[in-house]
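Following: one structure in structure tokens, then a few remarks.
The values are calculated or read from the model by the stated rules, or taken from the named source; none is laboratory data. Being a predicted model, the structure only gives us computed values, none of them experimental. Methodologically, a virtual Cβ is constructed for each residue, glycine included, from the backbone with ideal geometry; neighbour enumeration extends over all protein chains shown.
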Amino acid sequence: MRKLRDNQVYDEPRRLKLNEKIDPETNARVTIREDGVLTVHYVDESKLVMFADGTEIFTRKEDKTTISVIRKEGYIPLRLIYDPVKARAKTVIGLGGTDAMMGIDNIMERSNDGRVTEILMPDRSIVQSYLERQELEGYNNFMTNMVHLVRRDDYSIVKVRQDGEVVLISANERAYLNSIGKQCPNMGKDDYDYFFELFGVAAERRSGVYTARLTESRLWMSDEEGNFFIVYANGDSVEKLSVSFDLDQLVEGIDRKEPDSPRSLPRGDGEHIEEECKFLPPPKTMGHPRLFMIKNDGGVGYEYMNAEQLEYLFRCQHKDTSLVQSNSNEITIDGEKAVSHFFLRKYEVGKMHSLINPAKENPKLPQSVELVNQTVSIPKEPLSEQFTWRCINQYRNMCDSTDALRDFENAITRYAAMRAKQADERNRLKVAEIKTAEHIAAENRILLRIARAKGIDVTKLVGDEYQPLKNIVRDEARQKAMEELDKNFFT
């Protein structure tokens, strides 16, 4: 409504009508607004707001902390956490790695404004975002950045900071850090050795922890021997060995020095090792390749994994809450003993997000909202459900038994001898070519006569097997042309 007062125009907002009632069962206060917004106030001080477009906001309090969950069908759920005590504290992280372990139990301890945002991804990954303020060298010198932690379902974690720092810790590296650290049995929930590498000083991070600087466009890592490996965004790679007699590493511009390719080495054997570094021990850690085999028909494919990759796979499978059945059986494949692992999971569409606690964050609507009682009919036809299964065959480790390793080497020797014997037998039974040049020429002339009798133009045939016939036709045409030329000359 627009009004004129004191020669000025005012827009007076119109109040929306409200309809309020009390649910007799839960004692919840239900408010329905004129524009279709439904608000439910529960007795435990939690509140549910449902908008006309289907958006739901559920707010509850837990230990003086306000937690809000925002959901809508077709969108990723969000969880907003606010702690007024931490907001007043204005937490500042200490210099360097002093407070690297702060926030291991609750990431809210590192927040400067008392707010943490969690994005619940469909693959059960969680993206935590908060504002962090850290002390720098000098008097009254600080930096403030937004920090995003990507916690994947396989226990790998990525930290992305606003100033361009990215830290990546894989699941295998996290398990390795736990094995050389506190060795917590419940890896993924109780371990905290990775947290020091994630928030510690970049130059002191262990091998296997990748660090990237987006402002410098580079990704680097150091191994247990102190060697540095750097990859830039333009494809240049740099190696800095801790022990080396390479004088090129002392010159200016070492950050842009690109190492030689294995194909360009003098020997060309594919080993990318400098001669002066041959005395160094082999690296303790390395990235294992993933091997796939796909048959010619394209319908069947296999993936081959080593022990470390298999351990990572089992770690992800056994923590999956959607598994319906999992078992292991001893089998024999081509005369070799193995263990077959079977995993069966149910495929569900429209299921509530697994990271949302149904007891705390999925409120029940009061009965006063349901004005009409609904009857549920029992279907007569059986319910159709979909399942996905995965089978993994685990072979025994050859290094565990000297007898098994010796049997494997003997089997390889016997297989090589069998292949050599088959090659000798193939050469012995090979049929020698008994046709002479005269026989081949006569055979080609016969084939040419047959083709002409059937009206086939040999020159238009495609294939190397028709080349001898084309040569005969070309020679005959050349001979005929010479005869015509001699005849016309004498005439």
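A few comments on the model shown:
- Residue identified as more than 58 Å from the chain's Cα centre (by Cα), assigned to a helix (DSSP H, G or I) and at pLDDT 85 or above among Ile412, Ile456, Ile446: Ile446
- Residue count, region 135-194 (criterion: in a loop (DSSP other than H, G, I, E, B), surrounded by 17 or more Cβ atoms within 10 Å (Cβ to Cβ) and acidic (Asp, Glu)): 3
- Residue list for region 59-90, filter: free of Cβ contacts under 8 Å to residues at least 60 places away in the same chain, touching a helix residue (DSSP H, G or I) at 6+ places or on another chain (Cβ under 7 Å) and not acidic (Asp, Glu): Lys64, Ile81, Lys86
- Applying a threshold of 9 Å to beta carbon distances and a minimum spacing of six or more residues, or different chains, the list of pairs starting in region 383-406 at a residue that is at pLDDT below 80 and ending at one that is part of a strand (DSSP E or B) reads Glu385/Lys346; Glu385/Tyr347; Gln386/Lys346; Gln386/Tyr347.
- Selection status of Val9, closer than 24 Å to Val69 by Cβ, in a strand (DSSP E or B) and out of contact with any Gly (no Cβ under 9 Å at 6 or more places or on another chain): no
- The one condition in (1) touching a Ser or Thr at 6+ places or on another chain (Cβ under 8 Å); (2) touching a residue at least 60 places away in the same chain (Cβ under 8 Å) that Arg174 fails to fulfil: (2)
- In region 40-52 there is no residue that is surrounded by fewer than 14 Cβ atoms within 10 Å (Cβ to Cβ) and among the basic types (Lys, Arg).
- Strands (runs of 3 or more DSSP E) fully within region 42-84 counting 1 or more residues that are touching a Cys at 6+ places or on another chain (Cβ under 6 Å): none
- Selection from region 313-338 of residues that are within 31 Å of the chain's Cα centre (by Cα) and acidic (Asp, Glu): Asp320, Glu330
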